[in-house]
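Asks: This is the structure I want to talk about, given as structure tokens.
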């Protein structure tokens, strides 16, 4: 079982977490002014990264908070976790994200 | 209001499990200002450190999330406490919900308490990783539970009412391995 570092609760077993898709996707601030293609891209287009991927996780069976994680999609290794709204730690990304 | 003691599920009689006294429970959500006001009304300081519980007498405040607490008091104080908390919290945005009848309190005790819990809960329950006074939500097999270590070998467990039989039934199966 993976041990995931919750930014609030510390190291916790994988069973307590839920995956929340790619992180750092900003909703257009004025949806009425974007084109249908732009809106479609916001809704559906994802990077599908092979390697270090920034993604959202939720500690659903713990503190209930969403946070972001950098995970290597080829090895399933969690490189870093950080609170929602924060930038990914530069040292951990190696410039990949 | 429902008489809580009348509708409590019956617990199997075990030497490692006991029910807790009838309890009133509030789910509190709010920022630091709301937390301070609620603490004053409750007569204790709400824990700021993650996964910690503070108690004073029969009352307790359990940290569940950065802005989320479970407040516990004897059932008899429930009505008065609700009015008191609502009045104290009125000046600041908050959410105060009575969840007294959503879940029931159990106590696992004895030298095998953490061993029994670890049959279905993947947390490290050693004293170093889960010290006295720590509380957290977690999972027990397919159900969610709230764990609070009150003493080295006493765990207070809050479990949603309809999962009581599931929880105690599984524990009873595991406990067949216990000596005596």
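Asks: Can you bin the stretch A:3-93 into rounded, prolate or oblate? Criterion: square roots of the alpha carbon gyration tensor eigenvalues sorted a ≥ b ≥ c, rounded for a/c under 1.5, prolate for a/b above b/c, oblate for the rest.
Replies: prolate
Asks: Considering only B:170, B:108, B:70, give the residue with the highest GNM mean-square fluctuation for chain B, with springs between Cα atoms whenever their separation is below 10 Å.
Replies: Comparing B:170, B:108, B:70 in the GNM, the peak value goes to B:170.
Asks: Here's a follow-up. Gain in length, residue B:40 to residue B:177, computed as 0.36 nm per residue apart minus the alpha-carbon separation, to one decimal in nm?
Replies: 44.7 nm
Asks: Can you pull the three principal axis extents for the Cα set of the protein assembly as shown, in Å, largest first?
Replies: 61, 52, 32
Asks: Can you tell which of A:23, A:84, A:32 shows the greatest fluctuation in a Gaussian network model of chain A with Cα springs below 10 Å?
Replies: So, out of A:23, A:84, A:32, the one fluctuating most is A:32.
Asks: Report the full-extension gain for the segment residue A:32 to residue A:84: residue separation times 0.36 nm, less the Cα-Cα distance, to one decimal in nm.
Replies: In short, 16.1 nm is gained.
Asks: Related question: Determine, from the Cβ-Cβ distance of residue B:118 and residue A:47 and an R0 of 45 Å, the FRET efficiency 1/(1 + (r/R0)^6), rounded to the nearest 0.05.
Replies: Step by step, r from the Cβ atoms, then E = 0.70.
Asks: Compute the distribution of all C-alpha to C-alpha distances in the stretch B:97-180, in bins of 10 Å from 0, and list the percent of pairs in each, rounded to whole numbers.
Replies: 17, 54, 26, 2, 0
Asks: Does the stretch B:1-160 classify as rounded, prolate or oblate by the C-alpha gyration tensor (a ≥ b ≥ c root eigenvalues; a/c under 1.5 gives rounded; else a/b over b/c gives prolate, otherwise oblate)?
Replies: Oblate shape, in that a/c is at least 1.5 and b/c is the bigger or equal ratio.
Asks: Please compute the modelled spin-label separation between residue A:76 and residue A:60, points set 7 Å along Cα→Cβ, answer in nm with one decimal.
Replies: Taking the two extended label points, one gets 1.8 nm.
Asks: Angle, helix B:78-89 long axis vs. longest principal axis of chain B, Cα atoms, 0 to 90°, nearest 10?
Replies: 50 degrees
Asks: If I model a spin label at residue A:22 and residue B:132 as a point 7 Å from the Cα along the Cα→Cβ vector, what separation in nanometres do I get?
Replies: It works out to 5.1 nm between the two label points.
Asks: Give me Rg over Rh for the stretch B:45-107, both radii from the alpha carbons and Rh done the Kirkwood way, two decimal places.
Replies: Using Cα coordinates only, the ratio equals 0.94.
Asks: Still on this model: How far, in degrees from 0 to 90, does helix B:164-175 lean away from the longest principal axis of the Cα atoms of chain B, to the nearest 10?
Replies: Between helix and principal axis, roughly 40 degrees.
Asks: Evaluate peptide A:51-60: per residue, the Cβ atoms of other protein chains within 10 Å of its Cβ; return the mean as an integer.
Replies: Going residue by residue through A:51-60 and averaging, the value is 1.
Asks: Using Cα springs under 10 Å in a Gaussian network model of chain B, which residue among B:41, B:90, B:50 shows the largest mean-square fluctuation?
Replies: Comparing B:41, B:90, B:50 in a Gaussian network model of chain B, the most mobile one is B:90.
Asks: Helix B:32-42 versus the longest principal axis of chain B: what is the Cα-based angle in degrees, 0 to 90, to the nearest 10?
Replies: Result, in degrees: 80.
Asks: When the helix-only estimate is applied to chain B (DSSP H runs of n ≥ 4, each -39,500 (n - 2.57), divided by the residue count), what is the mean residue ellipticity at 222 nm, nearest 500 deg cm²/dmol?
Replies: Calculated mean residue ellipticity at 222 nm is -6500 deg cm²/dmol.
Read the figures in this text as sums done on the coordinates, not as results from a lab. Every value quoted in this text rests on a predicted model; they were computed, and no experiment measured them. Here Cβ is always computed from backbone atoms with ideal geometry, including for glycine, and neighbour counts include all displayed protein chains.
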